[in-house]
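Undergrad: Take a look at the following structure, please.
The values are calculated or read from the model by the stated rules, or taken from the named source; none is laboratory data. Because the structure is predicted, anything quoted here is derived from the model rather than measured. When we count neighbours, we look across all protein chains shown, and the Cβ atoms used for this are built from the backbone with ideal geometry, even at glycine.
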Amino acid sequence: MKNSELQKMLEAHKLWIDSNKKQGEQANFCGADLREVDLREVDLCEASFRGCDLRGSDLRGSDLSGCDLRESDLRGANFRGCDLRGCDLSESDICESNFYKADLRGADCYKAKFCGVDLRGSDIRRASFLKADFRGADLRGVDFRETNLRETNFYEASLRGTIIREADLDFSDRNFA
């Protein structure tokens with residue numbers, strides 16, 4: 001996507017948010033190539049990024065609450081401190097990304113690949129990680145209360161200081177081997 005197109009869409013989305021959805025237009029980046037784009041501190045709540053390529057992008061501190069990020073390539077992206085409450089990350093490849101202190105409360109992460117991700121200090125309560133893959137992820141200090149962790153893979157993940165009580169669990173030996 002060209003920078004001019006991106007800026008035009010961001011302006012229309014900002015107007016859509018500021019006018020309580022009466023003017024402007026909701027951002028639709030479905031299938032777009034946004035590799036290594038700088039979207040730091042941008043309000044993108046409820047935008048659609050389904051099937052988008054955001055590899056290596058910088059989204060630090062952005063509001064992505066309610067976003068559709070299904071089936072997207074988010075490898076190596078920086079989501080540090082992002083608001084991702086209620087977003088849909090189902091079947092996305094998020095490996096090697098930074099989610100340090102991100103807010104993922106209520107997010108749907110069905111079959112998402114979080115291999116090697118830094119989730120330290122993130123709030124993921126009431127999220128669903130059904131069949132997610134956390135191989136090698138840094139999950140130190142993460143609060144998994146009221147979270148769906150059924151059939152989730154934690155192979156070689158750092159789990160020191162995590163809180164797992166009240167989580168929906170279905171662990172087998174293969175999940176921690």
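Undergrad: Name the pairs whose Cβ atoms lie under 8 Å apart, with the first residue in region 105-122 and without any contact (Cβ under 8 Å) to a residue 12 or more places away in the chain and under 20 Å from L159 (Cβ atoms), the second β-branched (V, I, T) and outside any strand (DSSP E or B), and 6 or more positions between them or separate chains?
TA: Partner pairs satisfying both residue conditions: none exist.
Undergrad: Then there's this: If A47 satisfies all but one of (1) buried (at least 18 other Cβ atoms within 10 Å of the Cβ); (2) closer than 18 Å to D133 by Cβ, what's the number of the condition it fails?
TA: Just one mismatch for A47, condition (2).
Undergrad: Another question about this same structure. May I ask you to list pairs of residues, at least six apart or on different chains, whose Cβ atoms are under 7 Å apart, with the first in region 3-31 being under 14 Å from C45 (Cβ atoms) and among the polar types (S, T, N, Q) and the second being assigned to a loop (DSSP other than H, G, I, E, B) and modelled with pLDDT of 95 or more?
TA: Cβ pairs passing all conditions: Q26/E46; Q26/A47.
Undergrad: Does N148 satisfy the criteria of being closer than 20 Å to V37 by Cβ, out of contact with any helix residue (DSSP H, G or I) (no Cβ under 6 Å at 6 or more places or on another chain) and not aliphatic (A, V, I, L, M)?
TA: Against the criterion (closer than 20 Å to V37 by Cβ, out of contact with any helix residue (DSSP H, G or I) (no Cβ under 6 Å at 6 or more places or on another chain) and not aliphatic (A, V, I, L, M)), N148 does not qualify.
Undergrad: For region 14-26, does any single residue satisfy the condition of being outside any loop (DSSP other than H, G, I, E, B), surrounded by 17 or more Cβ atoms within 10 Å (Cβ to Cβ) and at pLDDT 95 or above?
TA: The answer is yes, given that some residue of region 14-26 is outside any loop (DSSP other than H, G, I, E, B), surrounded by 17 or more Cβ atoms within 10 Å (Cβ to Cβ) and at pLDDT 95 or above.
Undergrad: Could you say which residue among S57, S90, S72 is among the polar types (S, T, N, Q) and out of contact with any Leu (no Cβ under 7 Å at 6 or more places or on another chain)?
TA: Of the residues listed, the single one that is among the polar types (S, T, N, Q) and out of contact with any Leu (no Cβ under 7 Å at 6 or more places or on another chain) is S90.
Undergrad: How many residues are buried (at least 21 other Cβ atoms within 10 Å of the Cβ) and more than 15 Å from N148 (Cα to Cα) when one looks only at region 116-126? Talk me through it step by step, then tell me what you get.
TA: Taking region 116-126 first, the residues buried (at least 21 other Cβ atoms within 10 Å of the Cβ) are 117-119, 122, 124.
In the following step, the residues that additionally are more than 15 Å from N148 (Cα to Cα) were identified as 117-119, 122.
So the count comes out to 4.
Undergrad: Moving to a separate point now. Mind checking which residues of region 51-65 are surrounded by fewer than 19 Cβ atoms within 10 Å (Cβ to Cβ) and over 19 Å from E96 (Cβ atoms)?
TA: G51, G61
Undergrad: Please verify whether L130 is at negative phi, free of Cβ contacts under 8 Å to residues at least 24 places away in the same chain and under 15 Å from the mean Cα position of the chain (by Cα), treating the condition exactly as stated.
TA: Working: at negative phi: yes; free of Cβ contacts under 8 Å to residues at least 24 places away in the same chain: yes; under 15 Å from the mean Cα position of the chain (by Cα): yes.
So L130 passes the test.
Undergrad: Considering only residues that are in contact with a Leu (Cβ under 9 Å, 6 or more places away or on another chain) and either among the hydroxyl-bearing types (S, T, Y) or at pLDDT 75 or above (or both), which ones fall in region 148-177?
TA: Matches in region 148-177: N148, L149, R150, E151, T152, F154, A157, S158, L159, R160, T162.
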